[in-house]
Amino acid sequence: APHEGIGQLAANLFEKAMPAARSFDAIRSQAFALLGLVPYLQVQPDAPAARALRDELAEALFDAYQAHACDDWPWWEDTVTYDNAKLCHALLLAGQSMGRTDMIEAGLRSLHWLMRIQTAETGHLSIIGNQGWYPRGGACAKFDQQPLEAYALVDACLDAAAITQDSAWTQSAWWAFRWFLGDNDLATPL
């Protein structure tokens, strides 16, 4: 925060919001909460309520992944829908924060798969569209690709690079970012 007052206000709001996150059943809601909890704990390491919530949500997200994922479909659901890389990203950050290599490996595996299924034959990012999504056993929808998908991939890949120290993830982040610059299905910069 630019000054202490804003930081304190943000911390107070965060602490007031934490109990509501315990009621999140949707995996994306759990992932978004984790993406806030992990950096919060980096700044406030002595926050037992936040640590307990992080652990609870991370376990729930990981359990959901393990219950559904298989070799050819390393995913949480039978349909790949929206803001997909945030699921992988949350599992990566939670795994790193908790010292859980099993979570990190699952996050990397699902992120790699997500990138593979969204790679066009010409090699550019071709985001799953929201006009049909990508059902297991079906085809990826091409229409109504959303920019938040490319952003989520960039963000997840950059943290994957930081966690693994593998520069290939940095190159993957650039690959996803180029979607905005015209390396997309329409060859049109946004």
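Averaging the Cα positions of each part gives two centres, and for region 11-72 and region 110-153 these lie 25 Å apart. Taking the longest Cα principal axis of the chain as reference, the axis of helix 27-43 is set at about 50 degrees.
Percent relative contact order of region 141-185, based on C-alpha pairs within less than 8 angstrom and at least six residues apart?
Numbers: 30 pairs, mean separation 17.4, N = 45.
Over region 141-185, the number comes to 39 percent.
Candidates ALA173, CYS140, THR101 compared by Cα position along the dipole of the chain: farthest toward the positive end lies ALA173, with charges placed on Cβ.
If R₀ is 35 angstrom, what is the calculated FRET efficiency for the pair PHE143 and GLU4, using the beta carbon separation as r and rounding to 0.05? Walk me through the numbers on the way to the answer.
Working: r = 48 Å, r/R0 = 1.36.
The computed FRET efficiency comes out at 0.15.
Remark: the ALA162-ARG22 segment gains 47.5 nm on full extension, using 0.36 nm per residue and subtracting the alpha carbon distance.
If I take every Cα pair under 8 Å that is 6 or more residues apart in the chain, average their sequence separation and divide by the length, what percent do I get for the relative contact order? Could the numbers behind the result be given before it?
Details: 241 pairs, mean separation 29.3, N = 190.
About 15 percent, as a whole number.
Amide H to amide H distances under 5 Å link TYR134 with VAL80, ALA141, where only residues 5 or more positions off or on other chains count and H is placed in the peptide plane. Projecting the Cα atoms of ALA90, PHE62, GLY36 onto the charge dipole of the chain (Cβ charges, centred on the Cα centre) puts GLY36 farthest toward the positive pole.
Could you compute the FRET efficiency for LEU181 and ALA11, with r as their C-beta to C-beta distance and R0 at 30 Å, rounded to 0.05?
Given R0 = 30 Å and the Cβ-Cβ separation, E is 0.20.
Can you compute the charge dipole magnitude of the chain about its Cα centre, using +1 on each Lys and Arg Cβ and -1 on each Asp and Glu Cβ, nothing else charged? Give it in debye, rounded to the nearest 20. Can you show the working numbers first?
Details: 12 positive and 23 negative charges, 42 e Å.
Its charge dipole is roughly 200 debye.
Treating only the Cα positions of region 53-190 as identical point scatterers, give the base-10 log of I(q)/I(0) from the Debye formula at each q in 0.10 Å⁻¹. The Cα Debye sum returns log10 ratios of -0.31.
Just so you know, all these numbers are worked out from the coordinates, no wet-lab data involved. All values reported here derive from a predicted model rather than from experimental measurement. Note: ideal-geometry Cβ built from the backbone for every residue, glycine included; neighbour counts use all protein chains shown.
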